[in-house]
Amino acid sequence: MRTSVVLFDAGGTLFTERLSRDEVYARELRALGVALPLEEVARLRAAVHDELPEVFAGCVRYSEGWFREFTRRLLARVGSAADPEAVRCRLAQHFLQAESYVVHADAPPALDALRAHGLRLAVVSNWSDRLPVLLEGLGLTPRFDAVVVSALVGASKPDPAIFAEALRRLDAPAAAALHVGDHPRNDYDGARSAGLAALLLDRTGVHARDAAPGDLIRSLAELPGRLTVG
């Protein structure tokens with residue numbers, strides 16, 4: 001695979017949460033007096049997420065305004081009269097802290113190896129506008145030439161527009177780019193629809209049917225051996 005730029009998803013690909021998102025929300029709900037099984041929290045979070053459009057009242061998905069409405073609807077679903085903005089702020093503070101995450105052990109060596117071969121790297125992520133601060137706290141920022149965040153560019157994966165913005169910042173054509181991520185639809189299908197090559201990161205072996213066999217990797221350590229710099 002000949003490429004000059006590599007784009008990476010952030011959460012799940014470069015780093016992961018120490019507590020799952022559902023565990024964090026379940027903990028917050030318990031503090032509000034709403035004790036629900038983790039599976040029910042996961043179901044409710046997914047339902048509210050899916051019912052909210054990508055742009056709500058002029059606020060793009062994962063922006064502060066979008067999360068404000070997300071929190072309001074989630075609390076309404078569980079029958080809590082808590083102040084949605086106070087809850088949103090507490091959750092946002094947790095997800096902003098680098099201590100809430102752990103960098104995957106295979107990420108820094110793979111990124112360093114790619115940069116040593118002259119490749120330019122970028123993050124392309126569906127995240128809030130605080131992702132650049134988080135990447136800095138995790139010590140990942142120096143390894144990237146650009147950080148493209150859905151809440152800041154007004155488009156989220158799998159929309160081709162967010163991939164196009166990353167390529168614009170790197171001054172690279174889609175034909176010379178590879179995207180790596182762990183979400184079949186957002187990362188693998190989205191990148192391919194935008195004209196990029198794509199590899200689906202499948203750390204746990206659950207995505208065998210979600211990508212062509214040659215497009216699956218189990219670790220970022222496989223990347224340097226898969227690429228031909230060009």
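The values are calculated or read from the model by the stated rules, or taken from the named source; none is laboratory data. Since this is a predicted model, take the numbers as computed values, not measurements. Counting neighbours? That spans all protein chains shown, and the Cβs are built from the backbone with ideal geometry, glycine included. Surface accessibility is based on the protein's heavy atoms, side chains included, excluding ligands, DNA and RNA. Shrake-Rupley method; radii C 1.70, N 1.55, O 1.52, S 1.80 Å.
Taking amide H positions as placed in the peptide plane 1.01 Å from N, state which residues far from PHE15 in sequence (5 or more) or on other chains have amide H under 5 Å from it.
Result for PHE15 returns HIS104.
Using a probe of 1.4 angstrom, how much of the accessible area of the stretch 1-59 is carbon and sulfur, in percent?
53 percent
Mind listing the phi-derived Karplus ³J(HN,Hα) values for the stretch 172-183, rounded to whole Hz, using 6.51, -1.76 and 1.60 with θ = phi - 60°, and x for any glycine or proline?
Listing the rounded values in order: 9, x, 4, 5, 9, 10, 10, 10, 10, x, 10, 10 Hz.
Between ALA208 and ARG43, take the C-beta separation as r, use R0 = 22 Å, and let me know the FRET efficiency to the nearest 0.05.
In this case the efficiency is close to 0.30.
Once you sort the root eigenvalues of the Cα gyration tensor of the stretch 82-182 as a ≥ b ≥ c, which label holds: rounded (a/c under 1.5), prolate (a/b larger than b/c) or oblate (the other case)?
Oblate.
Considering amide H positions built from the backbone, and no H for Pro or chain starts, which residues 5 or more places from ALA197, or on another chain, come under 5 Å of its amide H?
Long-range HN contacts for ALA197: ALA177, HIS179.
Each residue of the stretch 12-27 in order: what ³J(HN,Hα) in whole Hz does its phi give by Karplus 6.51 cos²θ - 1.76 cosθ + 1.60, θ = phi - 60°, with x for Gly and Pro?
Once θ is set to phi - 60°, the couplings for the stretch 12-27 become x, 9, 8, 8, 9, 7, 5, 10, 4, 4, 5, 5, 5, 5, 4, 5 Hz.
Considering only C-alpha atoms, what is the centroid distance from the stretch 195-217 to the stretch 44-78, in Å?
One Cα centre to the other: 29 Å.
Mind ranking 65-78, 182-195 by how tightly packed they are, going by the mean number of other C-beta atoms within 10 angstrom, highest first?
Answer by packing, highest mean first, reads 182-195, 65-78.
Using Cα springs under 10 Å in a Gaussian network model of the chain, which residue among PRO37, PRO173, PRO132 shows the largest mean-square fluctuation?
PRO37
Stretch VAL55-CYS89 to full length: gain in nm at 0.36 nm per residue minus the Cα-Cα span?
Taking VAL55 through CYS89 to full extension adds about 10.2 nm, to one decimal.
Rounded to a whole number, what % of the accessible area of the stretch 116-230 do carbon and sulfur atoms account for, probe 1.4 Å?
Ligands and nucleic acids excluded, carbon and sulfur give 50 percent.
Just the accessible area per residue of the chain, please: how many Å² with a 1.4 Å probe?
Per-residue value: 45 Å².
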